[in-house]
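The values are calculated or read from the model by the stated rules, or taken from the named source; none is laboratory data. This structure is a prediction, so every number in the text was calculated from the model and none was measured. Positions of Cβ are backbone-derived with ideal geometry, glycine not excepted, and every protein chain shown enters the neighbour counts.
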Amino acid sequence: MSQQANPRGTFLKIADSVKRQIEDDPDMTELPSLAEVMHAYQVSRGVALRAFSVLRLEGVAEPSPGERWRVVRAGARVDRRPLDQRIADIITAEGLEVGEAFPSASALAERFGVSRPTVAKALEKLEAAGVLSGGGQGRVRTVRAVPTREERS
């Protein structure tokens, strides 16, 4: 007995499966990584990306630069600003003054749910803007300037 090709594309089946995961878990805020999808469904990167594109077109998920794809839920408010702007907000939110120590890249990565290299890029932008002093291997990064409202928006 020969197997016939299923008319429904593999990427559509994956998109449906991920949608069911989102529906079943109301606390799910981000999609699995592309690598996880590729491994779980034994597909190529292109097929996984097509599945994610379907989820985007259906308004279920959206890409987030430097982060995993985010789940989009009706009525949920998501901060879509770049990571460097969200990190700069820590200074005012926590009342940090010039010269005070700033959280480490590891702590920021955990807080925002991103990788340390992603945080490092955002911190480099803040250093270039003169908001933070250069940290680095074993050195504590400090606040150089409190961002004004215009710098944060």
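General observations
- For segment 30-62, a residue qualifies if it is surrounded by fewer than 15 Cβ atoms within 10 Å (Cβ to Cβ) and outside any helix (DSSP H, G or I), and the qualifying residues are Glu30, Ser33, Gln42, Ser44, Glu58, Gly59.
- Taking (1) among the hydroxyl-bearing types (Ser, Thr, Tyr); (2) under 24 Å from Leu126 (Cβ atoms); (3) under 13 Å from the mean Cα position of the chain (by Cα) in turn, Thr92 satisfies each apart from (3).
- Any chance Gln85 is at pLDDT below 90 and out of contact with any Leu (no Cβ under 6 Å at 6 or more places or on another chain): yes
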